[in-house]
Amino acid sequence: MNRSKWLSLAALLGMSQAAAPTPSPNDAAYAYVSPAFKALTKDSYTLRNLTSPDFSSWLEGKYAAAKLPLSGSKTLLAGLAARKAAIAAASGETRDQLAQDTAQWAHTFIKKILPNFSLERGYEFAYAVQAGQRQCLLQTLLIAALLQQAGLDAGGVMVWQNDQGQESNLGHVVALLRLPSGKAALLDDASDPRPFMTHRGLLIRDGGAYRFAHPVYSGQRITGFTRADTQAAIALSNAQPLDLAYLKSQINYYRGERAPGGFMGAGGNYSGKSDAAGLARSARFLQSAVKDNNQNALATYVLGLVERKLGQNAQARTHLLAGAKLYQAQGHLPAGPADALKWAQAN
């Protein structure tokens, strides 16, 4: 590669490596009836040509039918408001236990009203309404939104090592709940019958930076984190869930990953072959994901893989190099991106 191409590539990588902005106090906020939450559902409805029912009205109906009342309330909003007041009035371990009980309720409620787990379509709010489908990102968004509406500090984090220590390339999403005392946190994972899991590797935020980290547990409760790269301690007070921009990026990532005929093949799974039209659909959603958050290493890397399948080797090289740099900056380079980096450096 000649000098001018290297300079151009360096400029592109510099843009993708721009430091993430320091988070504001509300950049992870998407409480159940907030404008941010409504915008997520509206985007899904528009994309999937769904006009009614209103998502909040639908969820209220599901609450009434589920017969899992929160604080004995007849409506979901009233139950969340009552629980928020009860948590605010409590103190100490009683307050923490109320928060934990609320997370247990949210876990049970979401699994009951969305019985159909679907990797192909379960990330979409519209498909939750149309087919009762859910997937790890959607169920996490819903649980976190409900907990936030109850006044709790909750949000989504990515999993890269499960509770058995098995590693994936950011293959799962769960809700992180910080207990009101600030002394501990819990992982609420609606993909498991048990609500509180002990996954060993998480992508969190450490201040304004995305960080691969290992939780430190006391039983099921997280008391702190260590960085995956340096093993330096991260105080629980400094560990934050992923911001809304990252989670919006992940929605578009899954749309790209599961596009029919696209990256994952026909039907959005490994059972069939990709085609040019499907790969183009994948690329468009993945480009949106990177635009939503240019620090999303997974979206950047997979966009490069799709471009490579399309024969767009120059673009592929740029995104594969950029993705690898993001992984490395965040503290861990998984096997797939490491192999892709070797290809990008050799071509």
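The values are calculated or read from the model by the stated rules, or taken from the named source; none is laboratory data. Here the structure is a predicted model, which means the values were calculated and not measured. Glycine also receives a Cβ, built like all others from the backbone with ideal geometry; neighbour counts cover every protein chain displayed. With ligands, DNA and RNA removed, areas are computed over all heavy atoms of the protein, side chains included. Shrake-Rupley method; radii C 1.70, N 1.55, O 1.52, S 1.80 Å.
Here are the numbers for this structure:
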item	result
Where the chain is the region considered: accessible area per residue in Å², 1.4 Å probe	42 Å²
Nearest 10 degrees, 0 to 90: helix 136-149 Cα axis against the chain principal axis	40 degrees
Helix 335-346 vs. the chain, principal-axis angle (Cα, 0 to 90°, nearest 10)	20 degrees
Restraint check, 38/309; 112/325; 248/273; 248/309; 112/291; 62/84, Cα-Cα greater than 32 Å	38/309; 112/325; 112/291
The chain: translational diffusion in µm²/s, Stokes-Einstein, Kirkwood Rh over Cα pairs, 37 °C, 0.692 mPa s	158 µm²/s
Calculated SAXS-style log₁₀ I(q)/I(0) at q = 0.11, 0.20 Å⁻¹ - the range 51-121, Debye, Cα scatterers	-0.33, -0.88
Sites residue 166 and residue 220 - FRET efficiency at Förster radius 22 Å, r taken between beta-carbons, to 0.05	0.70
Cα-derived Rg to Rh of the range 118-225, Kirkwood definition	0.97
The range 218-266, Cα convex hull volume normalised per residue, Å³	140 Å³
Distance-filtered residues of the range 280-302 - backbone nitrogen under 13 Å, label point 7 angstrom along residue 43 Cα→Cβ	285-294
Rg and Dmax [Cα atoms of the range 243-347; Å; Rg one decimal, Dmax integer]	12.9, 36
Residue 112 - accessible surface, heavy atoms, 1.4 Å probe, Å² rounded to 10	110 Å²
